[in-house]
Amino acid sequence: MSETIGSPTTTTTTSAEIILRIKDLHTYFYTDIGISKALNGVTFDIPSRKVLGIVGESGCGKSVTALSCMRLLPRSAKIPKGEITFFRHKKNGNGSAAPVEEVDLLKLDTMSQEIRNIRGAELAMIFQEPMSSLNPSYTIGDQIGEAIILHQNVDKAEAENRTIKILDQVGMSNPKAMVKRFPHELSGGMRQRAMIAMGLSCNPSVLFADEPTTALDVTTEAQILDLMRDLQAQLGMTIVFITHNLGVVAQMCDSVAVMYLGRIVEQASIEPIFYNPKHPYTKALLNSIPHAGSREHKRLLPIRGVVPDPYSSIKGCPFHPRCNSFMPGKCDVNVPATVTVDNGHTVRCFLYSDEVEQQ
Ligand code: SF4
């Protein structure tokens, strides 16, 4: 018999405190070998002016969630179901105003002028590998300046001045010379700073940062993380930090959403996730990493098995083939619903509630 302590999830957060609301989002990829169900009902709120981490193993749907919000999915992808509401806030320096408009992002045509105006200016994204995201045939100045000209209605000279200012802000040495450089002339750390500058060039309300430090050495990674935290505090923007690195999450984020196979399985602020995790997957992730400063010589425990093939369909809780708390006849029959176990702490697991997700 499971310990039933959860209650059906109710959202008490007001729209003044959130910037994006994602509800029952399904994103599928239609390929020659079948349908890959990358997102299977993702529901969560992204708080305004905070840093939210999205964690999970590769293939859990972290990047697809961000790309769905940006409306940057490839042609093979479709969103058959779901809602993404953008609460557009009035920008007033620290961004503290109440939302002035609700925009249903999924109703916008991906090629429409409206989504182009939002993308880059209000929702921006920085990618994992700057070398493949920057255009090798244009200078850094041209690439950052292009977004500024497009969204801020200024001439080329003014765009260059603003580019130099942003490069200076992201800690690029000699920014005046940097605007004339091509991507291949920069080091990995400098290219990543250029990507961050591009993401920040129009002072977006939300910045999706998709594993932005994975390709960097530890020293440069620490510098870039400090820089992003400082800029977030200065500019009052929201950062959605996508990573598989729980150490980075502890350092950077105010709250965390844990993803497994296209669903959010647990969400809470940093402390409960690290000191009182509920979901067996979150516990397994935490047991698989070393803890700095710990005197105990505990063996690291890898998570059993691998993330299943997204083309296959699993009956019941998607984590059940790998779960140490698996309950036969229950976990392999229905999908658990998301329930609230504590203030702002939600989890999707039959250990906390018998409630079943309505399909
Ligand atoms: Fe494990 Fe069952 Fe909870 Fe799924 S619902 S995480 S299989 S205990």
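The values are calculated or read from the model by the stated rules, or taken from the named source; none is laboratory data. Everything numeric here is computed off the predicted structure, so don't read it as measured data. Glycine gets a Cβ as well: all are built from the backbone with ideal geometry, and neighbour counts include every protein chain shown. Just so you know, the surface numbers come from the protein's heavy atoms only, side chains and all, with ligands and any DNA or RNA stripped out. Shrake-Rupley method; radii C 1.70, N 1.55, O 1.52, S 1.80 Å.
Looking at 318, 310, can you tell me which residue is assigned to a loop (DSSP other than H, G, I, E, B), near the ligand (Cβ under 10 Å from one of its atoms) and not acidic (Asp, Glu)?
Exactly one residue qualifies, and that residue is 318.
Residue 189: modelled with pLDDT under 90 and under 28 Å from residue 308 (Cβ atoms), yes or no?
Details: modelled with pLDDT under 90: yes; under 28 Å from residue 308 (Cβ atoms): no.
No; evaluated as a whole, the condition is false for this residue.
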Worksheet item: When the range 98-107 is examined, which residues are found to be assigned to a strand (DSSP E or B) and surrounded by 14 or more Cβ atoms within 10 Å (Cβ to Cβ)?
Response: 99, 103
Practice prompt. Starting from the range 270-283, keep only residues that are within 23 Å of residue 320 (Cβ to Cβ), then list their pairs with residues that are open to solvent by less than 40 Å² (accessible area, probe 1.4 Å) and away from the ligand (no atom under 16 Å from the Cβ) whose Cβ atoms are within a distance under 6 Å, requiring at least 6 positions of separation or different chains.
Written response: 273/256
Item to complete: Kindly indicate the residue of the range 59-80 that is over 10 Å from the mean Cα position of the chain (by Cα) and of a type in the set (S, T, N, Q) and also most open to solvent (accessible area, probe 1.4 Å) among those meeting that condition.
Response: 76
Practice prompt. Output the strands (runs of 3 or more DSSP E) that fall wholly within the range 203-284 and possess 1 or more residues being under 16 Å from residue 49 (Cα atoms), modelled with pLDDT of 90 or more and open to solvent by 40 Å² or more (accessible area, probe 1.4 Å), or say none.
Written response: 263-269
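Let's see how each residue does on (1) under 12 Å from residue 198 (Cα atoms); (2) not in a helix (DSSP H, G or I):
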position	(1), (2)
109	no, yes
115	no, no
124	yes, yes
128	no, yes
136	no, yes
142	yes, no
146	yes, no
151	no, no
Practice prompt. Collect the residues in the range 150-186 that are modelled with pLDDT under 90, surrounded by 14 or more Cβ atoms within 10 Å (Cβ to Cβ) and more than 24 Å from residue 213 (Cβ to Cβ), keeping them in residue-number order.
Written response: 150, 151, 152, 154
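Can you work out which of the residues in the range 321-330 that are more than 8 Å from the ligand (Cβ to nearest atom) and in a loop (DSSP other than H, G, I, E, B) is most open to solvent (accessible area, probe 1.4 Å)?
The first filter runs over the range 321-330 and keeps only residues more than 8 Å from the ligand (Cβ to nearest atom), leaving 321-322, 328-329.
When the remaining residues are screened for being in a loop (DSSP other than H, G, I, E, B), the result is 328-329.
On the way: 328: 104, 329: 59 Å².
Within the range 321-330, the match that is most open to solvent (accessible area, probe 1.4 Å) is 328.
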Item to complete: Among the residues of the range 234-252, write down those that are more than 11 Å from the chain's Cα centre (by Cα) and under 14 Å from residue 207 (Cβ atoms).
Response: 234, 235, 236, 237, 252
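Specify the residue that is nearest to residue 278 (Cα to Cα); the eligible residues are those in the range 331-352 that are touching a residue at least 24 places away in the same chain (Cβ under 8 Å) and near the ligand (Cβ under 10 Å from one of its atoms).
Here is the first cut: in the range 331-352, the residues touching a residue at least 24 places away in the same chain (Cβ under 8 Å) are 335, 337-342, 344-352.
With near the ligand (Cβ under 10 Å from one of its atoms) added as a condition, the list becomes 335, 347-352.
On the way: 335: 17, 347: 7, 348: 9, 349: 9, 350: 11, 351: 9, 352: 9 Å.
The qualifying residue nearest to residue 278 (Cα to Cα) is 347.
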